[in-house]
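Notes follow once the structure below has been shown.
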Amino acid sequence: MKQIAKILAASVTVLGLAAPLTGSASASSPSALGAAPALRWTACAGSAPDARQRCATLKVPMDYARPGGRTIDLVVSRIPSERPSARRGALVLIPGGPGGSSLNDPSGKGQKLPQDVRDAYDLIGFAPRGLAPSTSVSCGLDHADLALSKLRPWPAADGSVRDNLVTARRTADACARDGGELMRHISTVDNARDLDRIRAALGERKISAWGVSYGTYVGAVYGEMFPHRTDRVVLDSNDDPDPTRVARGWLAGHERGVEDTFPHFAAWASAPGNPDRVAGTAAEVRPLFLRLAARLDRKPIPWPGANPEELNGNVLRQTMLDSLYSPGRYPTLARLMLAARDRTVPPVPASPPEPVLQNVTAVGAATLCNDVAWPRSAGAYQKDVDASRKAYPLTAGMPRNAMVCAAWPYPPRQAPVRITDRGPSDVLLVQNERDVATPLSGALRLRAALGGRAVMVTVNSTGHDAYLANGNPCGDATVSRFLATGERPGGDVRCP
């Protein structure tokens, strides 16, 4: 869910198994599914950021319950170890999302890894099932329904959820009509099984992994399903693994994430000398934001060329949510607040091409809705939204509201995987204290579920994505040392 917000913000949260999920990988072992073919590495389509990056296409079952049936393509990328004599294996970069890709990450964030880590591993990226250039899906949504303030279920100005449920039904109907059979087979368990097919095709007995945001959940599920296929696993910016809620819990987590992070923005937005200063003191920023949002609820400002073509209260709230992902985005929110105060609008934000938005949105919707059943009762959502609006006014009830999953036409075909402490102790969690998308409170639940399998590094920093991004040198060094040498702290630690 988190990477869909990030990708769409730049513009942008049934499994078919013949046997129940346990700690065993037998149901998806090469002997059960057929030996994975070797990967044939060729030039990547388009222009890869790094000339060393090569790509390959792997065919995997669309439905793992029918391994001899229809197949789909997964596109995989690789930059080999820079020092073959020091090579340990493959480090798979598991993207966030759902709806994110790591296909160009070996050329991108992978090059931020220290030299000894790049020496130790082939860096592996991939476009998950449903996401181009892998076999892709689209719901063919109306342009207006691709607006961030529609995709996130912001209630009406008076708190009503009625329009959200209408949007959910319209979106679900479009996905059922245009998405094809693959829409029913995009889920976290499918992603974990695909990851093991990638491992087998690489010829690796075990893989190491660096999963970020939604990728932490994929990584945790993979470790539960295939515990003896993991080597060194880094889970960065961690999802709450509650199997009764899954993505509903991640959406609800934004209440706490905003409350944790907004004071940091307020201090920045009131600092003397800041050219985007919105208030004289940090204490004034929150009430100013709430006043501006309420005023825009009553009287939106026309914004030609934007989607929607007005600056309303929910557009301001969505911009707040997007901007709190990283301190580097704070100016976007501050400038929009200043424009709203003056009854003006800034230039229309850049957006990815619409086919990209359609694809990302479809993959995100399918994953979130196929993982777990959501309530369908308008009354249940209204009750939750009313309580949320009272307790967390900054998020105005959105985190407990109805997404497309409230009208999804396909029931989950299997219960979500329960993360446990059974398996090897080879996991390092890294987590910022202030993270709007994956708050510390949820990360602590994943830490508790993993028990002795994991050690957690809590970083006194602000922003989503900790390692080599919005963390600090202490946290970065701890993770790098683990990847390069296997050395983990003896217990949970805090990096001040």
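What follows draws every value from the coordinates through simple rules; no lab data is involved. Owing to the predicted nature of the structure, the values given are computational and were not obtained by experimental measurement. FYI the Cβ positions are ideal-geometry reconstructions off the backbone, even for glycines, and counts take in every protein chain you see.
In the set Ile198, Ile124, Ile186, which member is in contact with a Gly (Cβ under 6 Å, 6 or more places away or on another chain) and either under 30 Å from Leu311 (Cβ atoms) or of a type outside the set (S, T, N, Q) (or both)?
On the way: Ile198 fails: in contact with a Gly (Cβ under 6 Å, 6 or more places away or on another chain); Ile124 fails: in contact with a Gly (Cβ under 6 Å, 6 or more places away or on another chain).
Within the list Ile198, Ile124, Ile186, the selection yields Ile186.
Within segment 481-496, being part of a helix (DSSP H, G or I) and surrounded by 20 or more Cβ atoms within 10 Å (Cβ to Cβ) holds for Phe482, Leu483, Ala484. Among residues of segment 320-334 that are assigned to a helix (DSSP H, G or I), those with a Cβ under 8 angstrom from a residue that is surrounded by fewer than 22 Cβ atoms within 10 Å (Cβ to Cβ) and among the hydroxyl-bearing types (Ser, Thr, Tyr), sequence gap 6+ or separate chain, pair up as Asp322/Thr332; Ser323/Tyr330; Ser323/Thr332. Restrict the check to segment 297-319 and report whether at least one residue is assigned to a helix (DSSP H, G or I), of a type in the set (A, V, I, L, M, F, W, C) and touching a Leu at 6+ places or on another chain (Cβ under 6 Å). For segment 297-319, residues assigned to a helix (DSSP H, G or I), of a type in the set (A, V, I, L, M, F, W, C) and touching a Leu at 6+ places or on another chain (Cβ under 6 Å): present. If you go through segment 378-394 and pick out every residue that is over 17 Å from Asn164 (Cβ atoms) and exposed (fewer than 14 other Cβ atoms within 10 Å of the Cβ), you end up with 2. Are any of the residues in segment 146-166 farther than 22 Å from Ser213 by Cα, among the β-branched types (Val, Ile, Thr), out of contact with any Lys or Arg (no Cβ under 6 Å at 6 or more places or on another chain) and not in a loop (DSSP other than H, G, I, E, B)? Yes; the residues of segment 146-166 include at least one that is farther than 22 Å from Ser213 by Cα, among the β-branched types (Val, Ile, Thr), out of contact with any Lys or Arg (no Cβ under 6 Å at 6 or more places or on another chain) and not in a loop (DSSP other than H, G, I, E, B).
Set side by side, the residues Val356, Val345 differ, and just one is aliphatic (A, V, I, L, M), part of a helix (DSSP H, G or I) and surrounded by fewer than 23 Cβ atoms within 10 Å (Cβ to Cβ), which is Val356. Thr367 satisfies every condition listed in (1) among the hydroxyl-bearing types (Ser, Thr, Tyr); (2) over 27 Å from Ala127 (Cβ atoms); (3) within 20 Å of the chain's Cα centre (by Cα) except (2). When segment 185-207 is examined, which residues are found to be more than 24 Å from Ala366 (Cβ to Cβ), surrounded by fewer than 24 Cβ atoms within 10 Å (Cβ to Cβ) and in contact with a helix residue (DSSP H, G or I) (Cβ under 7 Å, 6 or more places away or on another chain)? If the condition is that a residue be more than 24 Å from Ala366 (Cβ to Cβ), surrounded by fewer than 24 Cβ atoms within 10 Å (Cβ to Cβ) and in contact with a helix residue (DSSP H, G or I) (Cβ under 7 Å, 6 or more places away or on another chain), then Ala200, Lys206 are the ones that fit.
The residues on offer are Asp190, Asp240, Asp196, and the sole one that is acidic (Asp, Glu) and either assigned to a strand (DSSP E or B) or under 22 Å from Leu444 (Cα atoms) (or both) is Asp240.
Scanning segment 448-460 for residues that are in a helix (DSSP H, G or I), buried (at least 21 other Cβ atoms within 10 Å of the Cβ) and under 22 Å from the mean Cα position of the chain (by Cα) yields one hit, Leu450.
With (1) part of a loop (DSSP other than H, G, I, E, B); (2) more than 17 Å from the chain's Cα centre (by Cα) as the list, and Asp386 as the residue in question, which single condition is left unmet? Condition (1) is where Asp386 drops out.
Quickly run through segment 293-331 and pick out the residues that are of a type in the set (A, V, I, L, M) and closer than 22 Å to Asp260 by Cβ. Steps first, please.
If we filter segment 293-331 for residues that are of a type in the set (A, V, I, L, M), which is where we start, we get 293-294, 296, 301, 306, 311, 315-316, 320-321, 324.
Once the filter is applied, which keeps residues that are of a type in the set (A, V, I, L, M) and closer than 22 Å to Asp260 by Cβ, segment 293-331 yields Ala293, Leu316, Met320, Leu321, Leu324.
When Pro302 is tested against (1) over 28 Å from the mean Cα position of the chain (by Cα); (2) more than 16 Å from Pro347 (Cβ to Cβ), only condition (2) is not met.
How many of the residues in segment 417-434 are assigned to a loop (DSSP other than H, G, I, E, B) and either over 28 Å from Asp63 (Cα atoms) or under 17 Å from the mean Cα position of the chain (by Cα) (or both)? Step through it out loud before you land on a result.
Narrowing segment 417-434 to residues assigned to a loop (DSSP other than H, G, I, E, B): 417-426.
Next cut, either over 28 Å from Asp63 (Cα atoms) or under 17 Å from the mean Cα position of the chain (by Cα) (or both) only: 421, 424-426.
So the count comes out to 4.
Report whether or not Tyr64 is over 22 Å from the mean Cα position of the chain (by Cα), hydroxyl-bearing (Ser, Thr, Tyr) and under 30 Å from Ser480 (Cα atoms). Judged against the criteria, Tyr64 is not a match.
Name the residue, out of Gly442, Gly475, Gly423, Gly463, that is surrounded by fewer than 23 Cβ atoms within 10 Å (Cβ to Cβ) and not aromatic (Phe, Trp, Tyr). Unique residue meeting the criteria: Gly423.
In the set Ala437, Ala443, which member is at negative phi and in a loop (DSSP other than H, G, I, E, B)?
It is Ala437.
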